[in-house]
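The values are calculated or read from the model by the stated rules, or taken from the named source; none is laboratory data. Everything numeric here is computed off the predicted structure, so don't read it as measured data. Backbone-built Cβ (ideal geometry, glycine too); neighbour counts: all protein chains shown.
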Amino acid sequence: MIAIPKQATVKAKAATVKAEVVEADAPKERVAKRDAQGRAYATGRRKDAVARVWIKPGKGTITVNSREFKKYFGRIAFQLVINQPFAATNTERQFDVVATVVGGGLSGQAGAIRHGISRALDNYDPTHHTILRQGGYLTRDSRVVERKKYGRKKARRRFQFSKR
């Protein structure tokens with residue numbers, strides 16, 4: 001019978017544990033998520049606005065709340081914001097977008113639709129993930145309006161001071 005030093009068995013166990021950890025840390029391969037009609041769905045949020053977005057291959061029409069997005073968003077700045085994910089991934093005029101958006105104002109709604117389109121593109125084709133992540137399109141902008149506090153005129157503004 002051969003006596004094995006206790007330290008050798010501990011090192012061997014540590015090596016097997018490290019090998020298991022390395023295998024577990026390997027990044028999971030992203031898989032496309034599409035429904036039976038070939039659409040990808042995602043939810044986008046910005047300020048108080050929430051947008052539900054579906055994309056499918058098409059001619060590039062964008063519909064927001066059953067209206068053409070150029071009529072819904074009159075300002076060109078909002079139209080450019082919505083098209084940013086397509087420009088970043090070189091997929092302009094390749095997808096039809098149907099979005100329903102509620103809450104907030106036009107700026108928040110445009111940001112919510114942009115976030116939703118980005119996430120839907122990522123679900124449709126996971127190869128776009130790194131481009132969208134680097135551009136900051138997949139990150140939800142968490143800035144929201146601060147609530148009004150009692151004893152204040154607004155969230156931080158105090159009432160006007162009167163000496164007498």
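Summary table
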{"item": "Residues satisfying the stated conditions in region 85-105, i.e. out of contact with any helix residue (DSSP H, G or I) (no Cβ under 6 Å at 6 or more places or on another chain) and small (Gly, Ala, Ser)", "result": "Ala87, Gly103, Gly104, Gly105"}
{"item": "Residues being more than 20 Å from Asp122 (Cα to Cα) and among the aromatic types (Phe, Trp, Tyr) - total across region 43-70", "result": "1"}
{"item": "Gly151 vs. criteria out of contact with any Leu (no Cβ under 8 Å at 6 or more places or on another chain), in contact (Cβ under 8 Å) with a residue 24 or more places away in the chain and among the small types (Gly, Ala, Ser)", "result": "no"}
{"item": "Number of the condition not met by Arg143 [criteria: (1) within 12 Å of Arg46 (Cβ to Cβ); (2) of a type in the set (D, E, K, R); (3) surrounded by 10 or more Cβ atoms within 10 Å (Cβ to Cβ)]", "result": "(3)"}
{"item": "Some residue of region 155-163 being farther than 20 Å from Val50 by Cα, assigned to a loop (DSSP other than H, G, I, E, B) and among the polar types (S, T, N, Q)", "result": "yes"}
{"item": "Selection from region 99-119 of residues that are of a type in the set (Val, Ile, Thr) and either surrounded by fewer than 21 Cβ atoms within 10 Å (Cβ to Cβ) or part of a loop (DSSP other than H, G, I, E, B) (or both)", "result": "Thr100, Val102"}
{"item": "Residue check, Ile131 under 15 Å from the mean Cα position of the chain (by Cα), buried (at least 21 other Cβ atoms within 10 Å of the Cβ) and of a type in the set (Val, Ile, Thr)", "result": "no"}
{"item": "Boolean, Asn65 is surrounded by 13 or more Cβ atoms within 10 Å (Cβ to Cβ), under 17 Å from the mean Cα position of the chain (by Cα), modelled with pLDDT of 95 or more and closer than 22 Å to Gly111 by Cβ", "result": "no"}
{"item": "Matching entry among Asp96, Asp122 (being of a type in the set (D, E, K, R) and either surrounded by fewer than 16 Cβ atoms within 10 Å (Cβ to Cβ) or part of a helix (DSSP H, G or I) (or both))", "result": "Asp122"}
{"item": "Strands (runs of 3 or more DSSP E) completely within region 32-87 that count 3 or more residues being in contact with a strand residue (DSSP E or B) (Cβ under 8 Å, 6 or more places away or on another chain) and in contact (Cβ under 8 Å) with a residue 40 or more places away in the chain", "result": "40-46, 49-57"}
